[in-house]
Amino acid sequence: MEKIVSFCKRRGFVFSSSEIYGGIQGFYDFGPLGVEMKNNIKRLWWKKVVQERDDVVGLDSSIIQNSNVWKASGHVDRFFDLLTECKSCHKRFRADHLVEELKNSGKLDEVGLYDEEEIKDIAKVIEKIKCPECGGKLTPPRQFNLMLKTFVGPVENESTKSYLRPETAQGIFINFKNVLETQRKKIPFGIAQIGKAFRNEITPKNFLFRTREFEQMELEFFVKPGEDEKWFDYWVKERMKWYVEVLGIKKENLRVRVHEKEELAHYAKACVDIEYKFPFGWGEIEGIANRTDFDLKQHQKFSGENLEYYDENEKKSYIPYVIEPSCGVNRIFLALICDTFEEIKGGRTRTTKPTKEVEILLRVDKKVAPVKVGVLPLVKNKPELVEKAREVYQMLKPYFNCIYDEAGSIGRRYRRLDEIGCPFAITVDFETIEKGDVTIRDRDTMEQERVKVEKLIGVLKEKLEK
Ligand code: GAP
């Protein structure tokens, strides 16, 4: 992970937030390459989940909502983690994480615990274990609400207290009626949204994996009660396909994990996680939940609005069930970097002699790659080459996200492009001036082919869409 974190910083993918002030834990900024790649991930999700379908529409709801939303949804009363603190060093931990770590370490018997049933009582386990930092005694676990709070307007009191949304989903439920009335959609149909979510995580960790501010891509798919299980299975399959076929994530690094009953969120009847094999272990990148009619029923109760759907075929009204595929953009981003980051000892570029250096290659799918084309003059001290290369760059820029690079040897420049996952490099050389063609170098095979400048846009478009 350390290598990945430093690579992301060095190449301008991800920076720690507020770095010049010493940072702020659990927050990250996406740099020039990071924002491009993140936008590509979001675009590919939106295209698949919204634009290519007839039965899903989009939404962009506000981050701060009436605080009754969070009372109705159960987040005020039930959205908490168990916090324990060391009485000596005052470090804070998530109690369930400590129990999990103990279980995975195989040292349960050392603290006098012998069976799985005993571990379920978290308070009992915490009583028996010591602070992992200093060996001090831990406080009994207490509930810690994860919602970040703020005040709306100039007065700070209980009535102006508001929350930054901990999930985008509720913005969808509270607009269910608006969408239904304006879009003439019939069940089954879904509403999708991409947006920021905030959670005051007790222990943000593993780089982008657990942060306090992150982006979610969520779909709430409304179905007839009784058809929920069928649609649940459908969405699990669809979403797995997206990771493999669209993002190109290696199948062997993905798995589906079914939630145990005790693990289920307060709103869910069933849930599976799509997990990725990160360097620190398997971790959830997406949860697919059967939220039943819980949320709409709660909002109907708290708001007094009728949120039923009138089914013309059945000639009756009901509150639909909801299937929710919900994923985190930042976790997918991290999974993609981990999946495609390669270190090649001794180098692989043809133009330089093999060296002791380690070359980095980011074999990320073309659709996800932050920069699609690099334009390079063979050498920078020949004005005619530089001029022609700049001309080619200007020609390509409206069509592809391109960069122009003339600094350093050509081998070094290819390596720089390989490092950021740029799938194609265009080199302008002396033959370009004579014959009007350039070379296209393929990042993965390093093969080069010559193409006429006037055909370049078409050829690149075809290659990028392949
Ligand atoms: N609406 C359902 C919901 O929010 P969740 O499993 O709590 O369910 C969904 O979150 C997804 O959001 C997760 O699969 C993960 O990708 C992302 N996510 C949740 N908490 C996160 C955090 N602290 N940092 C980064 N991503 C997070």
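Quick look at the values:
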item: Top-ranked residue in the stretch 191-205 [being part of a strand (DSSP E or B) and more than 10 Å from the ligand (Cβ to nearest atom); ranked as farthest from the chain's Cα centre (by Cα)]; result: Ile191
item: Condition check for Lys48: surrounded by 15 or more Cβ atoms within 10 Å (Cβ to Cβ), part of a helix (DSSP H, G or I) and of a type outside the set (A, V, I, L, M, F, W, C); result: yes
item: Residue in the stretch 337-355 that is in contact with a helix residue (DSSP H, G or I) (Cβ under 7 Å, 6 or more places away or on another chain), within 15 Å of the ligand (Cβ to nearest atom), touching a residue at least 40 places away in the same chain (Cβ under 8 Å) and at negative phi present; result: yes
item: Among (1) over 30 Å from Lys71 (Cβ atoms); (2) in a loop (DSSP other than H, G, I, E, B); (3) within 15 Å of the ligand (Cβ to nearest atom) - the single one Ala265 does not satisfy; result: (1)
item: Residue within the stretch 130-153 that is surrounded by 14 or more Cβ atoms within 10 Å (Cβ to Cβ), in a helix (DSSP H, G or I) and away from the ligand (no atom under 16 Å from the Cβ) present; result: no
item: Of all residues making up the stretch 379-423, the number that are within 28 Å of Thr340 (Cα to Cα) and aliphatic (A, V, I, L, M); result: 6
item: Inter-residue pairs, beta-carbon under 6 Å, first in contact (Cβ under 8 Å) with a residue 12 or more places away in the chain and closer than 18 Å to Glu229 by Cβ and in the stretch 252-272, second away from the ligand (no atom under 14 Å from the Cβ) and aromatic (Phe, Trp, Tyr), 6+ apart; result: none
item: Selection within the stretch 230-262 - outside any helix (DSSP H, G or I) and within 16 Å of the ligand (Cβ to nearest atom); result: Leu247, Ile249, Leu254, Arg255, Val256, Arg257, Val258, His259, Glu260
item: Contacts under 6 angstrom Cβ, first residue in the stretch 396-411 being under 15 Å from Pro423 (Cα atoms), partner assigned to a loop (DSSP other than H, G, I, E, B), 6 or more apart; result: Phe400/Lys372; Asn401/Val371; Asn401/Lys372; Ile403/Val371
item: Single condition Asp418 does not satisfy, out of (1) surrounded by 13 or more Cβ atoms within 10 Å (Cβ to Cβ); (2) part of a loop (DSSP other than H, G, I, E, B); (3) acidic (Asp, Glu); result: (2)
item: Candidates Val438, Val392, Val375, Val379 - the one that is in contact with a helix residue (DSSP H, G or I) (Cβ under 7 Å, 6 or more places away or on another chain), among the β-branched types (Val, Ile, Thr) and in a loop (DSSP other than H, G, I, E, B); result: Val379
item: Hits in the stretch 154-186 - residues which are hydrophobic (A, V, I, L, M, F, W, C) and either within 16 Å of the ligand (Cβ to nearest atom) or under 28 Å from the mean Cα position of the chain (by Cα) (or both); result: Leu164, Ala169, Ile172, Phe173, Ile174, Phe176, Val179
item: Positions within the stretch 53-93 being in contact with a helix residue (DSSP H, G or I) (Cβ under 9 Å, 6 or more places away or on another chain) and of a type in the set (D, E, K, R), in sequence order; result: Asp60, Lys71, Asp77, Asp81
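Residues checked against (1) within 16 Å of the ligand (Cβ to nearest atom); (2) crowded, with 19+ Cβ neighbours inside 10 Å:
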position: Ser303; (1), (2): no, no
position: Leu307; (1), (2): no, yes
position: Ser317; (1), (2): no, no
position: Ser326; (1), (2): yes, yes
position: Val329; (1), (2): yes, yes
position: Leu334; (1), (2): yes, yes
position: Lys367; (1), (2): no, no
position: Leu385; (1), (2): no, yes
position: Arg390; (1), (2): no, no
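Every number here is computed from the coordinates shown, using simple stated rules; none is lab data. Keep in mind that what you see is a predicted model, and the values were worked out from it rather than measured. A quick note on method: Cβ atoms are made from the backbone with ideal geometry, for glycine too, and the neighbour counts reach across all protein chains shown.
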